[in-house]
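Peer 1: Pasting a structure below so you can have a look.
The values are calculated or read from the model by the stated rules, or taken from the named source; none is laboratory data. As the structure is a computational prediction, the values presented were derived from the model and not from experiment. Cβ coordinates were reconstructed from backbone atoms using ideal geometry, including for glycine residues, and neighbour counts include every protein chain displayed. When the accessible area is computed, the model is the full protein with side chains, heavy atoms only, and any ligands, DNA or RNA have been set aside. Shrake-Rupley method; radii C 1.70, N 1.55, O 1.52, S 1.80 Å.
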Amino acid sequence: MTRRNQWDAHLYDQHHSFVSEYGHDLVKLLNPTSGERILDVGCGTGDLMNTLVDFGVDGLGVDQSETMVVKAKEKYPELSFEVKDVLELDFQGEFDAVFSNATLHWVKEPKLALEKMYESLKVGGRFVAEFGGAGNVELILNEFRKQCQQEGYSVTNESLPWYFPTIGQYTSLMEAVGFQVTCAVHFNRPTVLDGEDGLRNWLHMFMPNFLHSLPDDVEMRVLTNVENNLRQILYKDKQWEADYKRIRVMAIKHE
Ligand code: BEZ
């Protein structure tokens, strides 16, 4: 299984609903209008596609995780969802807009992904996306890496499943595939993780393979030490706040 396939769609909906909640700002930027054909890349369990359809959009949500798509269809049986990886998109000039929230940092072949999304758009179509940028969750990852190292386990950048580019890196790729970039922003977006166990739930959700490869006692010590060492910086008003940094881009297909 790759990337997000292993995610528990139920756990995701229960503890990580902030992912689609933050996405509503991005929907405002997309400014969807009735009758537009819109592709949601990385639709998860379908909440933002449901919002888009409220605007009268003719939408299709795709996600490479089968469990997410099954859950999306269960929640919104009248909407269209397909299991499809962004790298396998095979649409030619079909969409007025391609929209993607909190997904593209999972794609370690960003240029190919941009080419596929570009090809999916009609000429004049728009691309609106938000995802993790350079420095995203750096405090958490550095502490996690340190604790694993102390236990004799190494967490290399290559072993992490994410791509967190700078604006310069990403917009250069966008231009290389033909997009006219109209807006690019890199900003801090501290993100509340629900409950006293929010940080360890986040690590369980997003690093399950690595955590489960550790012996139980090591996993317990790593999680406890990460919490203890980050508590002073990331635990505020009785809640964990992850150091998210986002990149938001808008662009037009102009040829
Ligand atoms: C993010 O949305 O920034 C993110 C989610 C999971 C792991 C890493 C980053």
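Peer 1: According to a simple spin-label model (label point 7 Å from Cα along Cα-to-Cβ), what is the distance in nm between Gln150 and Leu112?
Peer 2: 3.9 nm
Peer 1: Now for a different question. Relative to the longest principal axis of the C-alpha atoms of the chain, give the angle of the C-alpha long axis of helix 110-120, reported between 0 and 90° and rounded to the nearest 10°.
Peer 2: It is inclined by approximately 30 degrees.
Peer 1: Right, another one. If you line up the long axis of helix 167-177 against the longest principal axis of the chain, both from Cα atoms, how many degrees apart are they, to the nearest 10?
Peer 2: 40 degrees
Peer 1: Separate question: Go through 26-32, 180-186, 151-157 and give me the packing order, highest mean Cβ count within 10 Å leading.
Peer 2: Peptide ranking by packing, descending: 26-32, 180-186, 151-157.
Peer 1: For a 26 Å ceiling on Cα separation, which of these pairs sit above it: Lys73/Lys253; Lys108/Lys146; Lys75/Lys116; Lys28/Lys238; Lys75/Lys253?
Peer 2: Exceeds cut-off: Lys73/Lys253; Lys75/Lys116; Lys28/Lys238; Lys75/Lys253.
Peer 1: Here's another thing I want to ask about it. Which percent, nearest 5, of DSSP beta bridges in the chain are antiparallel? Let's see the in-between values first.
Peer 2: Values: 21 of 38 bridges.
Bridges in the chain are about 55 percent antiparallel.
Peer 1: Over the chain, what relative contact order in percent results from Cα pairs under 8 Å that are six or more residues apart? Can you show the working numbers first?
Peer 2: Details: 474 pairs, mean separation 52.3, N = 255.
In percent, rounded to a whole number, it is 20.
Peer 1: Over every pair of different alpha-carbon atoms in the chain, take the mean of 1/r and invert it; report that Kirkwood radius in Å. All intermediate terms of the calculation are to be shown ahead of the outcome.
Peer 2: On the way: mean 1/r = 0.0528 Å⁻¹.
That comes to 18.9 Å for the chain.
Peer 1: Report, to the nearest 10°, how far helix 66-75 tilts away from the longest principal axis of the Cα atoms in the chain, using its own Cα long axis and a range of 0 to 90°.
Peer 2: 70 degrees
Peer 1: Report, please, the projected area of the stretch 184-253 averaged over directions, based on the convex hull of its C-alpha atoms, in nm². Let's see the in-between values first.
Peer 2: Details: hull surface 26.0 nm².
Seen from a random direction, the Cα hull of the stretch 184-253 projects 6.5 nm² on average.
Peer 1: Hey, another quick one. What is the Cα coordinate range of the stretch 49-113 on the first, second and third principal axes, sorted by size from largest, in whole angstrom?
Peer 2: Taking the Cα atoms of the stretch 49-113, the three principal extents are 32, 27, 20 Å.
Peer 1: A further question follows. Counting only protein heavy atoms and a 1.4 Å probe, tell me what percentage of the stretch 47-121's accessible area is made up of carbon and sulfur.
Peer 2: Working: 1360 of 2970 Å².
On the stretch 47-121, the fraction of accessible area on carbon and sulfur atoms equals 46 percent.
Peer 1: What distance in nm separates the simple spin-label points at His254 and Phe55, each placed 7 Å from Cα in the Cβ direction?
Peer 2: 2.3 nm
Peer 1: Using the heavy atoms of the protein chains alone and a 1.4 angstrom probe, what is the accessible area of the stretch 142-231 per residue in square angstrom?
Peer 2: Working: 4480 Å² over 90 residues.
Result: 50 Å² of accessible area for each residue.
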